[in-house]
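Note sheet for the following structure.
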Amino acid sequence: MTPARPRSLLVAVGGNALIRDGQRGTIAEQAENARATARPIASLVADGWRVVVTHGNGPQVGFILLRSEFVGDSAPVPQLSLDMCGADSQGGIGHILGNALLGELAEVGLLDRVACLLTHTVVAADDPAFRTPSKPIGPYFTVEQADAKRERAGWTMVEDAGRGYRRVVPSPRPLRIVETAQIRTLVESGYVVIAAGGGGIPVVERRPGAYEGVEAVIDKDLASALLASELGIPLLIISTGVDKVAVRFRRPDQRLLDQLTVSEARGYLDAGEFPAGSMGPKIQAAIMFLERGGSEVLIASPYRLAEAVAGDTGTRIVPDRAA
């Protein structure tokens with residue numbers, strides 16, 4: 001009799017899961033939040049799931065950029081490109097989240113079963129996003145500072161929410177995860193793998209197997225959906241700050257959704273129910289994953305993953321044929 005294939009899932013953890021509202025984002029705060037995030041993941045691993053973990057890095061990349069801004073242009077400290085910021089954040093968050101996972105897994109008798117892999121994501125050099133930067137990053141500037149950044153650094157600056165001017169950068173569509181084969185090998189060997197942090201380090205492939213970092217930020221949910229698809233993982237979990245997806249969000253007639261088909265999700269997305277700055281990218285990633293052959297997407301709180309997998313909370317998105 002052929003042994004059953006181990007159950008596998010990918011869970012995408014939001015960058016804000018490590019820095020909660022009202023916190024400064026100290027390393028101690030991030031470490032404590034990482035333990036709370038790691039606990040339900042470790043519970044799934046103990047229950048027999050093979051798990052890949054991805055994560056956001058928005059607040060952390062903001063900190064990295066601020067360090068450069070505070071020292072100023074005349075200081076003997078090199079300015080970091082966005083691909084280097086992404087690489088730095090993958091290492092830092094990987095250490096914090098990986099250490100938390102190691103501790104939680106040790107509590108259930110699984111020792112040294114975590115691997116964090118520096119991950120590169122290929123994008124197209126001619127992606128239209130490079131012509132129309134749209135993703136705000138980093139601190140706010142005065143109009144005079146913004147003009148100086150445009151002139152000296154060639155940044156694209158836009159006014160943002162009446163609070164000043166911010167740099168906007170391209171957010172191209174992810175095409176391929178360079179380290180997919182390595183991640184697969186680690187997962188099949190029984191390791192919990194942390195990968196594709198912040199959507200992956202953005203690179204373009206100049207010739208087969210030769211990559212060059214680019215100034216961009218990749219959506220971590222789209223990259224997570226791509227990685228799960230490339231690995232053949234059937235279940236994608238996208239964690240968020242609410243227990244379930246809602247339509248008419250925060251209005252008197254708000255309605256929580258237990259399950260959606262791809263067609264229903266696309267309909268709500270087209271109707272504007274899922275804004276680009278919040279639930280929209282998660283729904284887009286879910287649709288992409290399911291259209292590429294995935295079985296199910298679960299959107300749920302990062303602290304209730306085991307309950308969500310058991311069907312007690314969260315919103316499930318399934319292919320039309322599975323409804």
Matching strands (runs of 3 or more DSSP E) fully within segment 38-137 where at least 2 residues are closer than 23 Å to residue 8 by Cα and among the aliphatic types (A, V, I, L, M): 50-55, 114-116
Breaking point among (1) free of Cβ contacts under 8 Å to residues at least 24 places away in the same chain; (2) in contact with a His (Cβ under 8 Å, 6 or more places away or on another chain); (3) among the charged types (D, E, K, R), for residue 251: (2)
Whichever residue in segment 17-42 is among the polar types (S, T, N, Q) and buried (at least 17 other Cβ atoms within 10 Å of the Cβ) and, among such residues, is farthest from residue 303 (Cα to Cα): 30
Complete set of residues in segment 104-118 that are within 13 Å of residue 45 (Cα to Cα) and of a type outside the set (Asp, Glu): 105, 106, 108, 109, 110, 111, 113, 114
Among residues of segment 242-281, those that are in a loop (DSSP other than H, G, I, E, B) and surrounded by 15 or more Cβ atoms within 10 Å (Cβ to Cβ), counted: 9
Elements of type strands (runs of 3 or more DSSP E) in segment 141-238, at least 1 residues being touching a Leu at 6+ places or on another chain (Cβ under 9 Å) and surrounded by 14 or more Cβ atoms within 10 Å (Cβ to Cβ): 165-169, 192-194, 201-207, 210-213
Output for segment 18-37, where each listed residue is touching a residue at least 40 places away in the same chain (Cβ under 8 Å) and either among the polar types (S, T, N, Q) or in a helix (DSSP H, G or I) (or both): 27, 30, 31, 34, 35, 36, 37
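Every read-out reported here was derived from the displayed coordinates using simple, explicitly stated rules and does not represent laboratory data. The structure displayed is predicted, hence computed values, not measured ones. When we count neighbours, we look across all protein chains shown, and the Cβ atoms used for this are built from the backbone with ideal geometry, even at glycine.
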